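The values are calculated or read from the model by the stated rules, or taken from the named source; none is laboratory data. Model, not experiment: these values are computed from the prediction. Backbone-built Cβ (ideal geometry, glycine too); neighbour counts: all protein chains shown.
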Amino acid sequence: MTSIDVHELTKDYGPTRAVDHLTFSVRPGRVTGFLGPNGAGKSTTMRLVLGLDRATGGSATIGGQPYASLGNPLRRVGALLDAQAAHGSRTARNHLLALAASNGIAGSRVEKVLEEAGLGTVGGKRIKTFSLGMRQRLGIAAALLGDPEVVMLDEPSNGLDPEGIIWIRELMRRLAREGRTVLVSSHLMNETSSFADHLVVLGRGRLLVDLPMQEFLDSRSRPRVRLRTTESTRLRDVLIRKGYEPEQGDDGRWTVEGVKAEEIGAVAAFEGIPILELIDEQATLEQAYLDLTAAETEFAAPTSSTARQEV
């Protein structure tokens, strides 16, 4: 299958460097989340990969070729960058038929992707009557039209209702299971954590992270266990004797830093201490991402603590 390979990619707009010597690869068979603050260079990078902008330096290839050299590119790469780009006076069906005709794609694919995107009953309606979520679904349908090996989506959940968010999540997972290359840019951390296998994170045009999701989370947080028992005193004494430092919260639950649940579970089982709750805790993707990018955010409101200090 086909990968996206970016090597030393650089893009300057006058004195402003939007993309700064980026090198990473997006591999088949997994969903790669493409993250970064506003102005980090995500959209610019995607445009460079798709040949919509010309790089100042470096290269971006799909299956070893620049996008511009691909024959019938919609059969190789499906992309959604701007759901508002479709001509409002066309019907959804005619919009897709025009794309299919210009890329040598059978017209039968149009009805298939309309149905897959949940637009089968409104294919004959003009796009200008569509809501933001419906336009988003149409953009995703267009990206799938050529049954491509590579799918690139910029904020695909934008405007979708809860059912639509579940649909796009399952769609991305399915595409990856089929061995396709899936790159998804998003600002929704909780949503990204539900579908991404791998993360590429940018900050001010530079590469900050290129890691599997779990490896990234592990790298940004220390293991911690939360537990509950009916024998708190005996549990505390046993854990202290084993060299742990348990702390009890106001709700009666204990937390133990620097340890995994399986270790505490083994100690409790050996001592015959009943455990009612035993959970591994780690940083969420949102917490880990904010910690990583705190110094890379170009546009940020003051925190509540900062705002109070300035009053």
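What do you reckon, is Gly133 surrounded by 12 or more Cβ atoms within 10 Å (Cβ to Cβ), free of Cβ contacts under 8 Å to residues at least 40 places away in the same chain and not hydroxyl-bearing (Ser, Thr, Tyr)? Even if it seems obvious, please write down each step before you answer.
Working: surrounded by 12 or more Cβ atoms within 10 Å (Cβ to Cβ): yes; free of Cβ contacts under 8 Å to residues at least 40 places away in the same chain: yes; not hydroxyl-bearing (Ser, Thr, Tyr): yes.
Spelling it out, Gly133 is indeed surrounded by 12 or more Cβ atoms within 10 Å (Cβ to Cβ), free of Cβ contacts under 8 Å to residues at least 40 places away in the same chain and not hydroxyl-bearing (Ser, Thr, Tyr).
Go over the candidates Ala40, Ala18, Ala68, Ala85 one by one and state the one that is in contact with a helix residue (DSSP H, G or I) (Cβ under 6 Å, 6 or more places away or on another chain), assigned by TED's automatic domain parsing to the domain that holds Glu178 and of a type in the set (A, V, I, L, M, F, W, C).
Testing whether each residue is in contact with a helix residue (DSSP H, G or I) (Cβ under 6 Å, 6 or more places away or on another chain), assigned by TED's automatic domain parsing to the domain that holds Glu178 and of a type in the set (A, V, I, L, M, F, W, C) leaves just Ala18.
If you go through the range 37-50 one residue at a time, how many are in a loop (DSSP other than H, G, I, E, B) and touching a Ser or Thr at 6+ places or on another chain (Cβ under 7 Å)?
1
Can you name the residue in the range 117-137 that is of a type in the set (S, T, N, Q) and part of a helix (DSSP H, G or I) and is also farthest from Leu171 (Cα to Cα) among such residues?
Applying the filter and picking the extreme gives Thr129.
Consider Gly57 carefully, then state whether it is at pLDDT 95 or above, touching a Ser or Thr at 6+ places or on another chain (Cβ under 8 Å) and under 19 Å from Asp197 (Cα atoms).
So Gly57 fails the test.
Considering only the range 101-118, I want to know if a residue exists there that is in the same structural domain as Leu199 (by TED's automatic domain parsing), crowded, with 22+ Cβ neighbours inside 10 Å and either more than 24 Å from Asp147 (Cα to Cα) or at pLDDT below 95 (or both).
No.
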